[in-house]
Amino acid sequence: MTDRIAGAPISWGVCEVPGWGHQLSAERVLTEMAEAGLRATEFGPDGFLPEDPGERRALLKEYQLLAVGGFVPAVLHEPGHDPWPAVAEALSGFTASGADLLVLAAATGADGYDSRPVLDAGGWRTLFTNLDRIRARAVGLGIRTCLHPHVGTMIETGQEVDRLLDASDTPLCLDTGHLLIGGGDPAALAARAPDRIAHTHLKDVDAALAERVRAGEMTYYEAVCAGMYRPLGRGDADIAGVVSALEGNEYRGWYVLEQDTVLDAEPGRGAGPAADVRACAAYLEGLA
């Protein structure tokens, strides 16, 4: 399992949402990923890594990191809107960069993750039709697709994940943090549907802050700023139970350390996010 631990730039506060705190350079983030012993990384938002696939691949090789793939939000639920061209553009650099996994989220169409509309039956049909169409087209490019349930997107709650499992064959990215915040049980899902999980984002969560987000007392952004995400093993997401269920059912995908954070300034070298990522990696290695 230790050779399947990857990183994500959001653990260093690098995010696609406008105004999401201080943004660190790729050089710093990749250096600290390598120092933490991570084997691979997701791409992060547009502009974080070089746009040219060859340059991107060479940069990751410089830090001895493999490319996993990337998180791509796409509006899937709007009638008359074709999400494929934007997704295809995002995928254009995947295979040339050595990556083969699209981590797709059902975006609302608005910036940020603090609110979302309610779908009617037609909206759900459109969403699942587009999702399965994207998955089929991506296969033709040599790319696997998984759907990432995410706070502030159209698939967030445990009930919405169940609806996805029933209505679509698209695999899941199990994000332990987002699922718990949405009212789901990550360990129970890992045990119940391990064959549907193609990719895993590991976050630990302060359940009290998560409850305030569900109750509408705090926005998602405010909760992240308040420290809702905790180093693995120090929160309420039962990370050990998730890993045990997946490994016991022959999961062989990546475990991406993804502790969303917001920075207000450049932290000292080796401090800030890097310290938390090292703690997360040590916790996972202890489980192994």
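General observations
- Any hit, the stretch 53-62, residues being open to solvent by less than 30 Å² (accessible area, probe 1.4 Å), under 30 Å from residue 219 (Cβ atoms) and at pLDDT 90 or above: no
- Scan of the stretch 234-288 for residues that are within 25 Å of residue 207 (Cβ to Cβ), in contact with a strand residue (DSSP E or B) (Cβ under 8 Å, 6 or more places away or on another chain), assigned to a loop (DSSP other than H, G, I, E, B) and not basic (Lys, Arg), ordered by number: 235, 236, 237, 251, 258, 259, 260, 261
- Reported count of residues in the stretch 128-163, each being in a helix (DSSP H, G or I), among the hydrophobic types (A, V, I, L, M, F, W, C) and over 22 Å from residue 100 (Cα atoms), is 1.
- Checking the stated criteria, residue 172 turns out to be touching a residue at least 12 places away in the same chain (Cβ under 8 Å), under 13 Å from the mean Cα position of the chain (by Cα) and within 20 Å of residue 129 (Cα to Cα).
- Pairing residues of the stretch 39-54 that are small (Gly, Ala, Ser) with residues that are open to solvent by 30 Å² or more (accessible area, probe 1.4 Å) and not in a helix (DSSP H, G or I), at Cβ distances under 6 Å and at least 6 apart in sequence or on separate chains, gives 40/66.
- Of the residues in the stretch 175-192, at least one is under 26 Å from residue 239 (Cα atoms), in a strand (DSSP E or B) and modelled with pLDDT of 95 or more.
- Taken as a whole, the condition of being part of a strand (DSSP E or B) and of a type in the set (Ser, Thr, Tyr) does not apply to residue 108.
The values are calculated or read from the model by the stated rules, or taken from the named source; none is laboratory data. In this text, all values refer to a predicted model and were calculated from it rather than measured experimentally. With ideal geometry, Cβ positions are generated from the backbone for all residues, glycine too; neighbour counts draw on all protein chains shown. Heads up: the accessible areas ignore ligands, DNA and RNA and are worked out on the full protein's heavy atoms, side chains in. Shrake-Rupley method; radii C 1.70, N 1.55, O 1.52, S 1.80 Å.
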